[in-house]
1. Sorting check: for 23-34, 165-176, which peptide has the highest mean count of neighbouring beta carbons within 10 Å, and how do the rest follow?
2. When the Cα centres of region 81-118 and region 1-41 are compared, how far apart do they sit, in Å?
3. What net charge is computed for the residues neighbouring Phe101, neighbours being all others with C-beta under 9 Å from the C-beta of Phe101, Lys and Arg scored +1, Asp and Glu -1?
4. Using 20 Å as the Cα-Cα cut-off, could you pick out the over-long pairs in Lys92/Lys197; Lys133/Lys172; Lys92/Lys185?
5. For the pair His106 and Gln3, how long in nm is the line joining their label points, each one 7 Å along Cα→Cβ?
6. Using R₀ = 41 Å, calculate the FRET efficiency as 1/(1 + (r/R₀)^6) where r is the Cβ-Cβ separation of Asn138 and Leu179; round to 0.05.
7. May I ask for the net charge around Glu15, where only other residues with Cβ less than 12 Å from the Cβ of Glu15 are counted and Lys, Arg are +1 while Asp, Glu are -1?
8. Order of His154, His106 from fewest to most other C-beta atoms within 10 Å?
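Read the figures in this text as sums done on the coordinates, not as results from a lab. Quantities reported herein were computed from a predicted structural model and do not represent experimental measurements. Here the Cβ positions follow ideal geometry from the backbone for every residue, glycine too, while neighbour counts run over all protein chains shown.
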Amino acid sequence: MAQWPIPPDLHSRIEGGPLCPFHDHSLGSRDGRIPRYDDSHACVRCVSALTEGRLTLDVHKIHRKYRRRFLEFWSFVDIGEPDECWNWQGNKHSKSNSTYFAIPRHWGAARQYSAPRVAFWFTWGDIGRLPIKPICGNNHCCNPLHWRARGVPHYHLNRHMGKIDLEFSTTKLQHETQLFLEATKEKDFKRFEKIQKANKLWIDFRMSSDKPVMLDDLIRSALMEESPFGRELD
Ligand SMILES: [Zn+2]
Ligand SMILES: [Zn+2]
């Protein structure tokens, strides 16, 4: 998708806009509207958080309205160490191999956006349609530390702190997506099947990866090793 061209007078006017994914940005809003820049549509508070280098992966900071989408989104990210690329395992366009995640936004008719853009909105903040670029060069990467937004200065002196924080919060987020997938499977199987459809292998892997080792799994893998296919491997 073509990048939005930044106007020379970027972020000089503020208007009321719809709620942002971060719930404390709508505290004190009586009419359900929050301050946004009228050109990029970025949330004013998110832009200042980004400028200060604040970053979060905490689902409890997300507005209730966005929580399910937040967890669905992160269920498809191969969340790794703060220094690694976190590859997208969800939907990709078959022709261009570019990533996408369905999430409508208020400023345009598009119903889906690239996975890294959604990762950016959910971590650094709702920067609207400001252009973003990866410092790792990987367009499938959803590690927020690997992306920069154009048009906003990032204050990165806090990055070291951010990394320490990330190690804790990535583990937490992995656990939360796991619980989310299990709960959806149990309570809303139709929805779960829809999630699975994007990448069943990945979702199955994701759901079994955190579980303690079961006797059954051990027996099954022992049997696999004895099969002719297993022997071919060594
Ligand atoms: Zn915001
Ligand atoms: Zn990366």
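1. Packing proxy ranking, top to bottom: 165-176, 23-34.
2. Value for the Cα centre distance between the two parts: 21 Å.
3. +1
4. Lys133/Lys172; Lys92/Lys185
5. That separation, rounded to one decimal, is 2.6 nm.
6. Numbers: r = 28 Å, r/R0 = 0.69.
According to the calculation, E is roughly 0.90.
7. +1
8. Fewest-to-most Cβ neighbours within 10 Å comes out as His106, His154.
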